[in-house]
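Any read-out appearing in this document is the output of simple, stated calculations on the displayed coordinates, not a laboratory observation. Computed from a predicted model, the values in this text were never measured in an experiment. Glycine gets a Cβ as well: all are built from the backbone with ideal geometry, and neighbour counts include every protein chain shown.
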């Protein structure tokens, strides 16, 4: 089994480490990177068996190619890569949104190449190969969206890869995926960014930063992520994010009215949120 990972940042690097930790027989992992220092780090950490800076050499003999690159880089990269893919090869990705990616893959990849969209629900605010860990995907949900005309054997191969790294495959339609992750992944990112910006731009920030502790740190963690990668997420999922953002604003306006009216009802809101979160956390078991 020959797997090529295009891009060895946090997700791609962790995928390589997890694959090398797995028991897949005869596995060979190739990384495609243009920066020598990143290539050396990937080899040193054992995320890949070899590194290629030539795209053709990286993908032409691969059974499975994993795209772990910024979302908005894909429409330019897919046509370049497609020239070097052999009939029967399989391509998947790790992008945080799926509808646009599935459309680009359908238009750019040649017939005879199967595409299975993928999105591991795992990550950190830190990025790069230095932040990669082999256990990043342990127990996480890994969304899979097969493209139209994708061979069943290709779906089985990608599912096997997902299971080999300790993740749980979840088959989901692209538009449905994007709508749901806008609520539980993309909206929290905007909330974190908004909280940081409203506090750090205040004249009181010199004192606020001294008082900020674990609550502020945990609530704003997502704001430390790669802003270029996160920008691509919002550009590729604008309508769904706007819908959930409107709902959140409406919820906040309701809380504001409660406080203006005296705040007696705010306790019910807090209890409802606590109960819902505890129920969710307990359903996740050890990951909660």
Residue-span extension gain [residue 40 to residue 250] - 0.36 nm each, minus C-alpha spacing: 70.6 nm
Peptide ranges 123-136, 260-273 listed from the most packed, as the mean C-beta count within 10 angstrom indicates: 123-136, 260-273
Calculated SAXS-style log₁₀ I(q)/I(0) at q = 0.13, 0.16, 0.29, 0.30 Å⁻¹ - segment 1-57, Debye, Cα scatterers: -0.26, -0.40, -1.24, -1.31
Mean Cβ count within 10 Å, highest first, over the residues of peptides 199-205, 64-70: 64-70, 199-205
Cα-only Debye scattering, segment 76-199: base-10 log of I(q)/I(0) at q = 0.09, 0.16, 0.19, 0.22 Å⁻¹: -0.30, -0.87, -1.13, -1.32
Among 211, 43, 27: highest mean-square fluctuation, GNM of the chain, C-alpha pairs under 10 Å: 211
Label corresponding to P(r) over Cα pairs in 5 Å bins from 0, in percent when calculated from the structure given, among (1) 1, 5, 8, 11, 12, 13, 12, 11, 9, 7, 5, 3, 2, 1, 0, 0; (2) 1, 5, 11, 14, 17, 16, 12, 8, 6, 5, 3, 2, 1, 0; (3) 1, 6, 13, 18, 20, 18, 14, 6, 2, 1, 1, 0, 0: (2)
Ratio of Rg to Rh over segment 108-173 (Cα coordinates, Kirkwood Rh, two decimals): 1.03
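Normalised by the residues of segment 2-172, what does the relative contact order come to in percent, with Cα pairs under 8 Å and at least six apart?
Working: 362 pairs, mean separation 42.4, N = 171.
Result for segment 2-172 is 25 percent.
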Rounded to 10°, Cα long-axis angle of helix 152-164 versus longest principal axis of the chain: 60 degrees
Contact order relative to length of segment 1-76, as percent, for alpha carbon pairs under 8 angstrom and 6 or more apart: 41 percent
Cα-based shape type of segment 176-287, given that a ≥ b ≥ c are square roots of the gyration tensor eigenvalues and the cut on a/c is 1.5: rounded
Cα shape, segment 223-288, gyration tensor, a/c 1.5 rule: oblate
Cα centroid separation - segment 249-288 against segment 141-185, whole Å: 31 Å
Stokes-Einstein D (µm²/s) once Rh is taken as the Kirkwood radius of segment 1-152 over alpha-carbon pairs, at 10 °C in 1.306 mPa s: 103 µm²/s
0 to 90° range, to nearest 10: angle between helix 187-200 axis and the chain longest Cα axis: 50 degrees
0 to 90° range, to nearest 10: angle between helix 266-283 axis and the chain longest Cα axis: 30 degrees
The chain - share of DSSP beta bridges that are antiparallel (%, nearest 5): 20 percent
Nitroxide proxy distance, nm - points 7 Å out along Cα→Cβ at residue 83 and residue 60: 1.2 nm
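Tell me, 74, 24 in order of fewest to most beta-carbon neighbours within 10 Å? Write out the running numbers ahead of the final one.
Working: 74 21, 24 16.
Sorted ascending by nearby Cβ count, the order is 24, 74.
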Value of [θ]222 nm, deg cm²/dmol, for the chain, DSSP H segments ≥ 4, -39500 (n - 2.57) each, nearest 500: -15000 deg cm²/dmol
The chain - percent relative contact order, Cα under 8 Å, separation 6 or more: 16 percent
